[in-house]
Structures are given as C-alpha cells and as structure tokens.
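Chemist: One structure follows; several queries about it will come next.
Just so it is clear, none of the values below were taken in a lab; they were calculated from the coordinates. Because the structure is a prediction, the values reported are computed rather than measured. No Cβ is skipped: glycine too gets one built from the backbone with ideal geometry, and neighbour counts run over all protein chains shown.
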Amino acid sequence: MCGIAGFSGSFGSRDEARAVLERMITAVHHRGPDGYGYHVDAGVGLAHARLSIIDLATGDQPIHDESKTIWTVFNGEIFNYVELRATLEASGHRFYTHSDTEVIVHLYEQHGDAFVEHLNGQFAIAVWDAKRKRLVLARDRAGIRPLFHTKAHGRTWFASEAKSLFAALPDRATLDPLGLAQAFTYWAASDPDTVFRDVKSLPPGCVLAIEEDGRETLTRYWDWTFPTEGAAAGRAISLEDATSELKDLLVDAVRLQLRADVPVGAYLSGGLDSSGIVAMIKTFTSTPVRTFSVAFEDGEFDESEHQQAMVRFLGTDHTTLRVGKRDIGEAFPRLVRHAESPVLRTAPVPLMLLAGEVRRQGYKVVLTGEGADEVFGGYDLFKEAKVRRFWARQPGSKSRAKLLGKLYGYLKNSPVQHASFAEAFFGNGLEHVDRAIFAHVPRWTTSRRALTFFSKDLKAAVGDWDPLAFYETRLPSDIGRWSPIARDQYVEAKSLLAGYLLASQGDRVAMASSIEGRFPFLDHRVIELASRLPPERKIQGLTEKYLLRRALRELLPADIVNRTKQPYRAPDSQSFFTDGKPLDYVAELFSERRQRDAGWFDPGPVGRLFDKCRAGKATGFADNQAFVGILSTMLVDEQLLRRSTPG
C-alpha cells in the first residue's frame, strides 16, 4: 500500500517538476511513511510514497524494466505476482527486485494495455512508456484503491488522493454542485464524477491511456456482469459442487492475500463474513492469527458479545477497541480530512480509530470481510426489494406489505415497527418496479431530502437534476435482461460499495493510520463465480447469502452461520452533543455566520435541524444523514477548500 502522484506533459525544468512532485506526494505522507521515490524525465513526473509490505529491501518505486523505458508507480498489491513472475521469467524477462511491482512493467512490455487483465489484486497504477511518450492509468476491478486525475496547464495530473492534486493545482479545490448532490443522494459521487469541479475518478475496472498529443482512450477491461434472467448456466452445477467450488476459491483468495513480508492481522466483527475469513486462515494456513474489533459503549450498536464468542471459538490473540459517542465526535474532522468528501454517516470513524490501534500493535495489514454482502446478496436491501417486488404485483395488498416486518429487527427505531409508516416508506417507488434502480429508490429518496437544506444558489446550480434518470445513464445497456437481484447487486456494487464503503469506510480510514486493508471476498474470481449463481443460491426465501453460509458451515458455530445479517452502524448526530451541548467546532460550523460565509446551505433550515438534533429529537435516517452530511461538507470547506486557496 502506498500513495502515488504525478503528471504527463512538459515542464519548465527538472528542478521545478521535482519541487511540484514533492508537494504532491508529501500531501499523502500517511499513505506511505516509509520513504519517497521520484522519476522525472522529458514529458513525465512520477512520485511515490511507500508503505513497505513486500520486498522491504529492494522494492522502492518508481520501478522500471530492463531498458529503463517503461516506468511505474503503483498503490496496492498484486497478489498473484509470484506466479506472474515465474511466467515472465520463462519468457525471458529479467527482474532486479523481488517486489510485486516489477511484474507490472514486464507485463506491460508483454501485453500492452491488456496487462491489467492478468493481475489479481487491488491497485491504482501509473505506467509511463518513454518510447511512445504515453501515460497509462489503471484501477482495480472492484474500486478498492482510489485514483484521481485532471487536466491543467497542458498536462494530465494524477494522484491517489485529491489533496495531492490541490498541492499542485489549488484552483481545483472547488466543490462541484452536481457532485455534491450525488454525494447527498447516493452517499458518494458516481464515478467518474467527484465532489470537486474538474477532478475525475478513474472508474473501477478501467484503463485510461493518454497519448503524447493529449488524446485519451478509456477502456473498461472488467465489470460486474450477470447472466440473462432464467439462463441455465448457473443451474447446471449442483448445490454441493457449487458449495465446494466456492469454498476452494475463498480459501485460495485468503491464501493469496496473506502474502506479505510483514505480519498480517484480521478484523473480527462477530458476523459471518469476517469470522469466515479468520476461520479459513486458522484452518487452511499456518499464518498466526491476530484479530481486532471495535465495540461500542452504546448497546444498540455493540456486537462485542458475538465478537468474544468467535475469539473463544477460534482461539485468536485479540484486541478490542471500545468507542464512545464523544470519541466519534472528536475524531470526525480527521475522518473528513482523509475521506475528502461529505459523508452521511459517522460509521467510518470507529474503523479509523480501530486502524490506529492496529498500527499501535505493530501491524500494517489486515484482512476484512467487506464485500461479501454485495457479492452474495447479504443486505436487507436485497430482501426488502424482493418483498417490494412481490408487493408491487398487488400494491393494495396489506398481507404482502406485512412481510416487511421480517426485516430490520436489529434497529431500535425500525422502519417496520409501525405498519402505516412501513407501507408509506417502502411503498415509495413501487411504480418503478421495472427499473434497474428500483431497490434503491426508498434509500435514495430518504438521503436526498438533505438537498432541501442547500442554499438558493446551490439549488439553482443543481437545477432539476433527476437522480434516478441520471444513474440509469451509467448502467449497462443489457442490465434489463438480468434477474432482479442481479440488477440490485450491480447498482449496489457501483454506488455504495465502490463509492462509499471501499473509500470513506475502507481505503481512507485504514490509510489514515498507514494500514492496508485486504478484501478476499472481492477477489474477482469470487465475484465472477457468485455472479453466475442463480438468485435462489444467494437469497433463498428471505435467507441471505445462502451458498456462502453453506460454504462456511463446517468452519463456524451454527449460531454464527445462521445469524441474520446485522449491518455495522455507529451513533450519528448524537455523537456531537453531550447533554445538549455541542462540541465547539460543531457549534462554530453550524453557526449562522459560518453557514452564510460558506454559502453551501440555507442557514434557517440548518439552524432548526441543529436545534432538533441538540434536543435529541432527530427522527430516523433523514435527519441524521442531513446533519452529518452538512457537518462533513462544512469540514470539507474548512479543511480542503480554504486551506488550498492561494495566499
């Protein structure tokens, strides 16, 4: 894991180029505190901040090929580098390091831009081809590692984080109204958009080639894809064979992701996914297991009982970090500084604090169960959509609507507690039953209520933007031929997973403490296998992750295997008040003076929301998401926009 930054295009002098690169890469020192590396040549500048995990002695970047005409800097890990190296050496390539990085330049020599198709990993890569004067940017399939780019002064600039771009181009530190509206609706801007004007995110599974004359070619080399609804391919394999194949593939994914020259730990939440990862490490490898979890003072969010049960069952050396509401409120500004985006929940904060504890314990790498819910249909959203589709066939049916009562049992203020409210909330959007975004309509409708707090000018800039129609423009042309759950999974993978979970709740919170998170469930082979499965092997009745449960049942206690999914959550608006008194920075950022000065929100409604939350009367998701979204936007304004302004 590392940070990268650079540009393609001519510069006045090498010294000037080097100085700019130094500003860019030191802005992400947290991503690579073990050293910096640079390469400056005619038409290019590459910079790298290293977090040493593989080949501690000779793996410094930038890395080049034998002729020193192909150069690369990259952030992430290539898990199958051992096998790739053997193949490349057999073809005559000669290596000068033992790092996973070096396979990139030789693969590019061998396969050109198709080199990424051979990689099993999580990565953001920049390759410079000196002979052809071309820059190639690539991002991993699921979007685990970030990569941003922009054009300015006749050059293409790229970096792992936007703050590196701002270090070279302070005028880019400006919020984009449409990107902000997306973040307040989908929880993150939709790739390639970001919340910053003229700053783009390279979409997952894509390669961007920039030629010497400035021409750009964007190629998608991989995507989540599903068979046509009713196709027999996924049903041809028996349930037993599918279970066995999945188990073998998961074990291999875990084995590959344990590769490191430093100790590797694992997160243990007490649920099926992380427990399964740890169980596979214990059962099928010789790697010592060191586990970490977060617990909450508030019992509504705490899962420590299940965590400790798994610690005893698996016999791990375990550390629990207990987090209170005030801890979350006080750490929130640091989260936003690293996330570089408005967020609608506080849930990333405890994970950021946990990553800090992992680092204090001497670890740099942790495996996590993230991704299993998207891959195998684990969220209540998928079951909810199944019930809503059944209900939509007879929208007047009271009995069908009552099936929603089987969901959200873990919520203190569950939306299904009161039948009338449940019918109103989940009945929203039933008319969209044939659209690919159907499952997400209630959630996005709730989130986008926060747009009512936008200032008059910001509302005018957003105009009559339709979030449902807009998102549909970014979906595959054949998505309508997939099964309903496949459509739901695709939208979830592209919006919440790539945009929010792997970013603000994944890469950014881990790298804030120089920790690399690894995601075995997002091995592309696992995704491809799961995507071929018929719907009933993901959700059977209202039992989520059916095949995954079968694959892990011999490794885990029955109560964990059969336990209903409980999503990870944390206290939201209540984290910023103690007995009705706000934290000092919260009071300042919500003040009428500060709100008017920033100009993003309407001070009147914002003030009423603040008073409501201070009194502990925030009602449900809408109020909490609006409060956290407004606060985080004000922190983006304070920490990234104003501090990047020249002078």
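Chemist: If you average the sequence gap of Cα pairs under 8 Å that are 6 or more apart and divide by the length of the range 2-220, what percent do you get for the contact order? Walk me through the intermediate numbers first.
Modeler: On the way: 476 pairs, mean separation 42.2, N = 219.
Contact order relative to length: 19 percent.
Chemist: Using the per-residue mean of other Cβ atoms lying within 10 Å as a proxy for protection, in what order, highest first, do the peptides 257-270, 276-289, 153-166 fall?
Modeler: Most protected by this proxy first, the peptides run 153-166, 257-270, 276-289.
Chemist: Based on DSSP H runs of at least 4 residues, each adding -39500 (n - 2.57), what is the mean residue ellipticity at 222 nm of the chain after dividing by all its residues, to the nearest 500 deg cm²/dmol?
Modeler: Theoretical 222 nm ellipticity from helices: -11000 deg cm²/dmol.
Chemist: Using only the Cα atoms of the range 223-290, what are the Rg and Dmax in Å?
Modeler: So, for the range 223-290, Rg and Dmax equal 15.6, 47 Å respectively.
Chemist: Additional query: Return 251, 349, 207 ranked ascending by Cβ neighbour count within 10 Å, so the fewest neighbours appear first.
Modeler: Fewest to most other Cβ atoms nearby, the residues stand as 251, 207, 349.
Chemist: How big is the range 2-220 on each of its three principal axes, counting only the C-alpha atoms and giving the largest first in Å?
Modeler: The Cα atoms of the range 2-220 stretch 53, 40, 35 Å along the principal axes, largest first.
Chemist: What's the magnitude of the charge dipole for the range 71-190 around its Cα centre, counting Lys and Arg as +1 and Asp and Glu as -1 at the beta-carbon? Answer in Debye, nearest 20. Intermediate results must be reported in sequence, preceding the final value.
Modeler: Values: 13 positive and 13 negative charges, 95 e Å.
My answer is approximately 460 debye.
Chemist: Right, next: If you average 1/r across every pair of different Cα atoms in the range 573-644 and take the reciprocal, what Kirkwood value do you get, in Å?
Modeler: In the range 573-644 this quantity evaluates to 12.3 Å.
Chemist: Ok, one more. If the only charges are +1 at each Lys and Arg Cβ and -1 at each Asp and Glu Cβ, what is the size of the charge dipole of the chain around the Cα centre, to the nearest 20 debye?
Modeler: Details: 82 positive and 83 negative charges, 288 e Å.
For the chain, the charge dipole is close to 1380 debye.
Chemist: Are any of the pairs 163/538; 459/617; 163/456; 163/364; 200/364 more than 32 Å apart by Cα-Cα distance, and if so, which?
Modeler: 163/538
Chemist: For residue 393 and residue 14, compute 0.36 nm times the residue count separating them, minus their Cα-Cα distance, and round to one decimal in nm.
Modeler: On the way: separation 379, 0.36 × 379 = 136.44 nm, distance 6.70 nm.
Going from the current span to full extension adds 129.7 nm.
Chemist: A further question on this structure: Between residue 131 and residue 563, what is the label-point separation in nm under the 7 Å Cα-to-beta-carbon projection?
Modeler: 5.6 nm
Chemist: Stokes-Einstein diffusion coefficient for the chain at 10 °C in a medium of 1.306 mPa s, Rh from the Kirkwood formula over Cα pairs: what value in µm²/s? Intermediate values should be presented prior to the final figure.
Modeler: On the way: Rh = 25.4 Å.
It comes out at roughly 63 µm²/s.
Chemist: For residue 239 and residue 434, FRET efficiency with R0 = 30 Å and r from the beta-carbon atoms, rounded to 0.05?
Modeler: So, using R0 = 30 Å, E works out to roughly 0.50.
Chemist: So how many Å³ per residue does the convex hull of the Cα atoms of the range 472-568 work out to?
Modeler: 142 Å³
Chemist: Using only the alpha carbons, work out the radius of gyration and Dmax of the range 172-237 in angstrom.
Modeler: According to the Cα coordinates of the range 172-237, Rg and Dmax are 17.5, 53 Å.
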